[in-house]
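Below is one structure; the comments refer to it alone.
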Amino acid sequence: MTACPCAQELITARARERLSDDGFDDEQIERIVERVPIATHNQRGLATLEIGCVEQCVQEIDASTLLAIAESSMSSEIYELMKRSDEVEVVEKAHRRPRFVEDCVREMIAGVVRELPQLDGANFVSARQENLETIHQHNVVAERHGTVAELRAEIESGAPAPQQTTLAQWLDAARPR
C-alpha cells in the first residue's frame, strides 16, 4: 500500500494551524507532528518488476528477492489476515513512509541495482507501479525501464540517462543474428 504525501502535507498544515489556534507553541507543535502519524489517503499498489537476461543470469534470481524489492518500494506491506495490533503497525508504517507512485518505481529500480549487483549491464529491468486510488476516479501509473548499465549510471550520477532502452529495442539487440 502507499500513503499519499501530498494530502498528508495539506493535513499537516491544517493540524499545525489548529494546534496554534489552540495555544500550542511552535516547539510543542513540532513535537506533536513528529510523534503522531498524520492522516492521508491510501492506495493499494500493484507492482510489476521484471528482469531480462541476455543469455542466462550469472545466478538465478529468486522470485522472493524481486517480491521483497517491490514490497519495500511502497509505504507498507499488506497482509490477508491481521490482528488489530498488526493493523496499527501497518497503517502507522505507511503513514510514516508516504510515497507517490513514481517514488515506488524509483525505489524498485534502486533496489534492483543495490540487491542484485551481479546483474550484467546489458540485462534489462522494467519496473511498473499502478496505484488503485481511493479518493480519485482514476488510477495512477508510473514506469521505468532500461538496461542495468543505464540505470546504474543514472543512480550514480543523479542525472537522467540520455537513453532509455525500451523492451522492444533490448529484445531486438539481444536476438541472435
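Here the Karplus relation 6.51 cos²θ - 1.76 cosθ + 1.60, evaluated at θ = phi - 60°, turns the backbone of region 132-140 into coupling constants of 7, 5, 9, 10, 10, 8, 9, 9, 10 Hz, with x for every Gly and Pro.
With R₀ fixed at 22 Å, the C-beta to C-beta distance from Glu34 to Val90 puts the FRET efficiency at about 0.60.
Measure nothing but the geometry: give the 0 to 90° angle between the long axis through the Cα atoms of 26-35 and the longest principal axis through the Cα atoms of the chain, rounded to 10°. With both axes taken from Cα atoms, the answer is about 50 degrees.
For the chain, the relative contact order works out to 25 percent when only alpha carbon pairs closer than 8 Å and six or more residues apart are counted. Based on alpha carbons, the Rg and Dmax found for region 17-120 are 19.0, 66 Å. Between Cys53 and Asn139, the FRET efficiency from the beta-carbon distance, with R0 = 25 Å, is close to 0.25.
Each part reduced to its alpha carbon centroid, region 16-41 and region 128-177 end up 39 Å apart. Projected over all directions and averaged, the alpha-carbon convex hull of the chain occupies 13.7 nm². Peptides 47-54, 24-31, 157-164, 9-16, ordered by how many other C-beta atoms sit within 10 Å of their residues on average, highest first, read 47-54, 9-16, 24-31, 157-164.
In this simple spin-label approximation, Thr12 and Glu27 carry label points 7 Å from Cα along the Cα→Cβ vector, and these lie 2.1 nm apart.
Extending 7 Å from Cα along the Cβ direction at His41 and again at Asp172 yields two label points whose distance is 4.1 nm.
Eigen-decomposition of the gyration tensor built on the alpha-carbon atoms of region 88-142 gives equivalent ellipsoid semi-axes of 27, 16, 7 angstrom, largest listed first.
Rule-based calculations on the coordinates, nothing more; no lab input. Only a predicted model underlies this, so the values are computations on that prediction, with no experimental measurement involved. Every residue, glycine as well, gets a Cβ built from its backbone with ideal geometry; the counts of neighbours run over all protein chains shown.
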